[in-house]
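Step one of this worksheet: look at the structure below.
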Amino acid sequence: MKAKKQETAATMKDVALKAKVSTATVSRALMNPDKVSQATRNRVEKAALEVGYHPYNLPSANTSDSYTNPYGAQMGPCNFCGFCSGYACYMYSKASPNVNILPALRQEKRFELRTNANVLKVNLTDDKSRATGVTYVDGQGREMEQPADLVIIGAFQFHNVHLMLLSGIGKPYNPETGEGVVGRNFAYQNMTTIKAIFDKDTYTNPFIGAGGNGVGVDDFNADNFDHGAAGFVGGSPFWVNQAGTKPISGFPVPPGTPAWGSKWKAAVADTYTHHLSMDAHGAHQSYRQNYLDLDPNYKNVFGQPLLRMTFDWQENDIKMAQFMFDKMAPIAKAMKPKYILGSPKNANSHFDTTTYQTTHMNGGAVMGEDPKTSAVNRYLQSWDVHNVFVIGASAFPQGLGYNPTGTVAALAYWSAKAIREQYLKNPGPLVQA
Ligand SMILES: Cc1cc2nc3c(=O)[nH]c(=O)nc-3n(C[C@H](O)[C@H](O)[C@H](O)COP(=O)(O)OP(=O)(O)OC[C@H]3O[C@@H](n4cnc5c(N)ncnc54)[C@H](O)[C@@H]3O)c2cc1C
Ligand code: SF4
């Protein structure tokens, strides 16, 4: 009896101890998830080559193995859990400031992280030429004031603009006169999606995968193609990215399926492991009529005006979305699915908050050479309040043909270098307008 129990009770931990590797490595080896996802990758790659495109493996900031970065922060091997987009990584395999930088910062005696603090505004001197610190509400709901010689606003694109408007840093944009800079040049990202559903003998296994696990095509992005006959500016990469299909939002069903009830459930059960999604996340231009300002009616829990977004698609965006759809469709057809779902924007398409449209917003406090048309200079320093730097995609004058975070990080390093090497030695405007 005893021997039998020992035989059946071996766990992944036992195997890991025996093999002198981590349980994650055992799990990975047993499940061989990269092999599973490889099938989808190969299918897409083959179809893209067939239609004459130049596919490449998507880059990502996931680690395939244990890694210690130059700051001494450790990362574990990704196990393709399928919960990459929209979730924290329990394997520490996804590069982000909390994994890669905070552990090193915490060693610094002068560093203090105050969690659950909500900054309400940056405080300014009476003449609004310098910041004196910030007012925030702490985790216990107490309003606190933190004095500072230097304030860096790095609260995400929307919140950067909101904090600038609430604090009175820079002139708010007026769409009627075209004057003012804070809230100006708001741009989004122009997304187009095609979903393909295959027969039951073709498995895509969307429950497994990782952030950059897929194939991309960049033949129709930026200057990679001749726009002459296209009738629009911009462009987009497109890809099949098996990052893990989220519950509910990611369940495509065949045309004619009811949107709820037992028939919908049966269709989901039928198609879930046999579908894939192809996305274009493209460039988006900024327009005079798309902007951000303080809402005249609605307030947040602290009694402050909410940030208001005034936005709609324009002719260039619609033409580009249609073009990208036409370029993606041949790949979907070449994979010979049972159904192809999706349609491009049409002339009557309007922005719809209920339809997913990426999380990549840009502009509103853009960098530039002229304080009349930009909120911050090339070092992301406010033109008006020299000891405030504003870091994030708020600095992008237009929406790029690529996702934003690489450029956000590059600009953060660029700005930090200027602060350390120039500003701290001689505080004042780093660029004379
Ligand atoms: C689901 C999802 C998937 C994404 N996938 C991709 C992708 O594949 N590729 C890509 O390039 N980008 C992607 N992005 C976008 C990417 O996350 C952002 O571009 C990036 O995080 C921006 O960095 P940031 O430092 O400007 O802002 P954030 O990373 O948002 O950091 C801002 C911080 O400020 C804090 N904060 C905000 N307001 C206040 C306040 N008033 N007081 C105190 N603290 C405040 C926030 O809590 C947050 O911690 C994705 C975003 C989401 C949501
Ligand atoms: S798929 Fe993403 S979330 Fe899951 S282990 Fe890998 S990096 Fe982490």
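Quick check on T354: is it within 24 Å of A267 (Cβ to Cβ) and more than 16 Å from ligand 1 (Cβ to nearest atom)? It would help to see each step written out before you state the result.
On the way: within 24 Å of A267 (Cβ to Cβ): yes; more than 16 Å from ligand 1 (Cβ to nearest atom): yes.
Judged against the criteria, T354 is a match.
Looking across V217, V253, one residue alone is among the aliphatic types (A, V, I, L, M) and either within 16 Å of ligand 2 (Cβ to nearest atom) or modelled with pLDDT of 95 or more (or both). It is V217.
Within the stretch 162-189, residues that are within 20 Å of H284 (Cα to Cα) reach no partner that is small (G, A, S) and assigned to a helix (DSSP H, G or I) with beta carbons closer than 7 Å at six or more positions or on different chains.
Can you find even one residue in the stretch 257-274 that is under 23 Å from T40 (Cα atoms) and either assigned to a loop (DSSP other than H, G, I, E, B) or aromatic (F, W, Y) (or both)? Spell out the reasoning first.
Within the stretch 257-274, the first condition is being under 23 Å from T40 (Cα atoms), and the residues that meet it are 267-274.
Filter once more, keeping what is either assigned to a loop (DSSP other than H, G, I, E, B) or aromatic (F, W, Y) (or both): 272.
Yes: the stretch 257-274 contains one or more residues that are under 23 Å from T40 (Cα atoms) and either assigned to a loop (DSSP other than H, G, I, E, B) or aromatic (F, W, Y) (or both).
Among the candidates A433, A395, A416, A409, which residue alone is out of contact with any strand residue (DSSP E or B) (no Cβ under 9 Å at 6 or more places or on another chain) and within 16 Å of ligand 1 (Cβ to nearest atom)?
On the way: A433 fails: within 16 Å of ligand 1 (Cβ to nearest atom); A395 fails: out of contact with any strand residue (DSSP E or B) (no Cβ under 9 Å at 6 or more places or on another chain); A416 fails: out of contact with any strand residue (DSSP E or B) (no Cβ under 9 Å at 6 or more places or on another chain).
One residue alone meets the criteria, A409.
To keep it simple, each residue is scored yes or no on (1) crowded, with 17+ Cβ neighbours inside 10 Å; (2) under 30 Å from P429 (Cα atoms); (3) in contact with a helix residue (DSSP H, G or I) (Cβ under 7 Å, 6 or more places away or on another chain); (4) touching a residue at least 40 places away in the same chain (Cβ under 8 Å).
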site: G303; (1), (2), (3), (4): no, no, no, no
site: T310; (1), (2), (3), (4): no, no, no, yes
site: N316; (1), (2), (3), (4): yes, no, no, yes
site: A321; (1), (2), (3), (4): yes, no, no, yes
site: A332; (1), (2), (3), (4): yes, no, no, yes
site: F351; (1), (2), (3), (4): no, no, no, yes
site: T355; (1), (2), (3), (4): no, no, no, no
site: T373; (1), (2), (3), (4): no, yes, no, yes
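Only a single criterion out of (1) outside any loop (DSSP other than H, G, I, E, B); (2) under 27 Å from the mean Cα position of the chain (by Cα) is not satisfied by R114, namely (1).
Could you tell me whether Y67 is within 10 Å of ligand 2 (Cβ to nearest atom), free of Cβ contacts under 8 Å to residues at least 24 places away in the same chain and under 25 Å from the mean Cα position of the chain (by Cα)? So that I can check it myself, show each step before the final result.
Values: within 10 Å of ligand 2 (Cβ to nearest atom): no; free of Cβ contacts under 8 Å to residues at least 24 places away in the same chain: yes; under 25 Å from the mean Cα position of the chain (by Cα): yes.
Here the answer is no, as Y67 does not meet what is asked.
For the stretch 67-95, residues that are of a type in the set (S, T, N, Q), touching a Cys at 6+ places or on another chain (Cβ under 7 Å) and away from ligand 1 (no atom under 16 Å from the Cβ) total 0.
Would you confirm whether any residue within the stretch 187-198 is closer than 29 Å to G428 by Cβ and modelled with pLDDT of 95 or more? Working first, answer last.
Here is the first cut: in the stretch 187-198, the ones closer than 29 Å to G428 by Cβ are none.
Checking the stretch 187-198: not a single residue is closer than 29 Å to G428 by Cβ and modelled with pLDDT of 95 or more.
Here C84 meets each of (1) of a type outside the set (D, E); (2) within 7 Å of ligand 2 (Cβ to nearest atom); (3) within 19 Å of the chain's Cα centre (by Cα); (4) farther than 14 Å from G214 by Cα with one exception, condition (4).
A quick yes/no check of all residues on (1) surrounded by fewer than 13 Cβ atoms within 10 Å (Cβ to Cβ); (2) touching a Leu at 6+ places or on another chain (Cβ under 8 Å):
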{"site": "L105", "(1), (2)": "no, yes"}
{"site": "L124", "(1), (2)": "no, no"}
{"site": "A131", "(1), (2)": "no, yes"}
{"site": "V137", "(1), (2)": "no, yes"}
{"site": "Q140", "(1), (2)": "yes, no"}
{"site": "Q146", "(1), (2)": "no, no"}
{"site": "F158", "(1), (2)": "no, yes"}
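The values are calculated or read from the model by the stated rules, or taken from the named source; none is laboratory data. These numbers were taken from a predicted model, which means no experiment stands behind them. All Cβ positions, even for glycine, are placed from backbone atoms using ideal geometry, and neighbour counts span all protein chains on display.
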